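The values are calculated or read from the model by the stated rules, or taken from the named source; none is laboratory data. Please read all numbers here as calculations on a predicted model, not as lab measurements. Heads up: the accessible areas ignore ligands, DNA and RNA and are worked out on the full protein's heavy atoms, side chains in. Shrake-Rupley method; radii C 1.70, N 1.55, O 1.52, S 1.80 Å.
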Amino acid sequence: MPGAGKSTQGNLLAKKLKVPYLSTGHIFRELAKEHTPLGRRIKLVMNAGLLISDSKTLQIVIDYLKRPEYQKGYILDGFPRTLGQAQKFKNGIEKVIYLKVSDKEILWRLAYRDDGGREDDTLLAIRKRIEVFHKFTDPVIEYYRKKGQLLEVNGERTVEEIQRDILKHLKVHAK
Ligand code: AMP
């Protein structure tokens, strides 16, 4: 979900596992700053709370993952977001971590983000992102649950508690 703590936990986990972290949301926010047709299109889609197309998203992720630093593993944040992305992605996914947070809590968090908020944090866009999540990403969660790859953690706790829980389930021990 938007605002569930993906980037916080993703960065912590990447550091712990010593593998690079890749966030599609971050890549798209950078592209949206560019004054190019693609940049403008991405900005419009993001600010409306919608998803970038599967083909563009897959192309970008697959291109990044060809770089040498990703060859020994990676943490992906915010990807795959649709069943199409999940089914077409062949680079390998070992575990999927779902940070579970209620819609109500997400609304609160995003409307009052303490980093000053983002351009796609308008109330209308937030509501749309929540709706889009249930429509397109709920099935992705089910897909990985059925494959036995899903790790579902309660995301309504402190950063430290959530991290400890994830590390415990992944059997990563503090070094
Ligand atoms: P995030 O920071 O992960 O919540 O992503 C912010 C926005 O970037 C989303 O609302 C989408 O517009 C776009 N985005 C991020 N990841 C994806 C993805 N895997 N597929 C399509 N759009 C995405």
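Take the Cα coordinates of segment 123-175, assign each an equal point scatterer, and use the Debye formula without solvent to give log10 I(q)/I(0) at q = 0.12, 0.15, 0.26 Å⁻¹. Here log10 of I(q) over I(0) equals -0.42, -0.62, -0.98. The lysines whose alpha-carbon is closer than 20 Å to the alpha-carbon of Lys16, local same-chain residues fewer than 8 away aside, are Lys6, Lys72, Lys95, Lys168, Lys171, Lys175.
Computed in the context of the full set of protein chains, the accessible area of segment 1-112 at 1.4 Å probe radius has 56% of its extent on carbon or sulfur. Amide H to amide H, with H built 1.01 Å from N, Leu151 comes under 5 Å of Val96, Ile97, Tyr98, counting only residues 5 or more places away or on other chains. Taking 4 °C and 1.567 mPa s as the conditions, I'd like the Stokes-Einstein D for segment 94-162 in µm²/s, using the Kirkwood hydrodynamic radius from alpha carbon pairs. Diffusion coefficient, whole number: 96 µm²/s.
Using only C-alpha atoms and all pairs of different ones, pull out the Kirkwood radius for segment 27-175 in Å with one decimal. Kirkwood radius, segment 27-175: 17.1 Å. Eigen-decomposition of the gyration tensor built on the alpha-carbon atoms of segment 1-113 gives equivalent ellipsoid semi-axes of 22, 20, 14 angstrom, largest listed first. For a straight C-alpha distance cut-off of 17 angstrom, the aspartates and glutamates reachable from Lys146 (same-chain residues fewer than eight places away being disregarded) are Glu94, Asp138.
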